[in-house]
1. Starting from the stretch 71-85, keep only residues that are farther than 12 Å from residue 17 by Cβ, then list their pairs with residues that are charged (D, E, K, R) whose Cβ atoms are within a distance under 6 Å, requiring at least 6 positions of separation or different chains.
2. Which residue, of 84, 50, is basic (Lys, Arg), assigned to a loop (DSSP other than H, G, I, E, B), more than 13 Å from the chain's Cα centre (by Cα) and surrounded by fewer than 17 Cβ atoms within 10 Å (Cβ to Cβ)?
3. What pairs come out if I take residues in the stretch 92-104 that are over 16 Å from residue 74 (Cβ atoms) and pair them with residues that are modelled with pLDDT under 80 whose C-beta lies under 7 Å away, six or more apart or interchain?
4. Being of a type in the set (A, V, I, L, M, F, W, C), in contact with a strand residue (DSSP E or B) (Cβ under 9 Å, 6 or more places away or on another chain) and at pLDDT 85 or above narrows it down to one residue among 26, 97; which is it?
5. For residue 65, state whether it is surrounded by 14 or more Cβ atoms within 10 Å (Cβ to Cβ) and either in a loop (DSSP other than H, G, I, E, B) or modelled with pLDDT of 85 or more (or both).
Amino acid sequence: MFFAEGQIRVHLYGSPTDMRKSYDGLQALVSHAMGENPASGALYVFINRRGSQCKVLYFDRSGYCLWGKRLERGRFIGDWRAVRTRQMDWTALKLLLEGMEGRQVRRRYALPAVSKVL
């Protein structure tokens with residue numbers, strides 16, 4: 001299936017997942033743990049405890065599809081303490097599948113407060 005990159009929603013599950021789970025187990029995680037509708041057409045990403053395996057679940061109008069990827073070297077997630085269940089964009093998913101972990105950029109300094117004089 002081909003996705004329109006700007007229209008697809010991607011949800012990352014923020015806890016390690018047992019990779020023995022298949023369609024029904026991952027669908028139950030989406031419904032109960034994430035509180036989402038698994039048939040909404042969004043992509044749901046699950047990663048194992050070691051960070052070396054990834055599964056993506058989505059619904060494509062006729063049934064559930066499951067992608068899987070196992071890295072021979074490296075990890076999808078470097079530190080589980082920094083991972084939270086969150087929504088991400090298509091580009092972040094592509095980077096994650098290539099083994100590149102995105103970071104949130106923060107300012108090194110605070111902007112000065114602007115006072116209004118009337």
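1. 78/101
2. Just a single option satisfies the conditions, and that option is 50.
3. Sorted first by the residue in the stretch 92-104, then by its partner, the pairs are 92/102.
4. Testing whether each residue is of a type in the set (A, V, I, L, M, F, W, C), in contact with a strand residue (DSSP E or B) (Cβ under 9 Å, 6 or more places away or on another chain) and at pLDDT 85 or above leaves just 26.
5. no
The values are calculated or read from the model by the stated rules, or taken from the named source; none is laboratory data. Given the structure is predicted, the values throughout are model-derived calculations rather than measurements. Backbone-built Cβ (ideal geometry, glycine too); neighbour counts: all protein chains shown.
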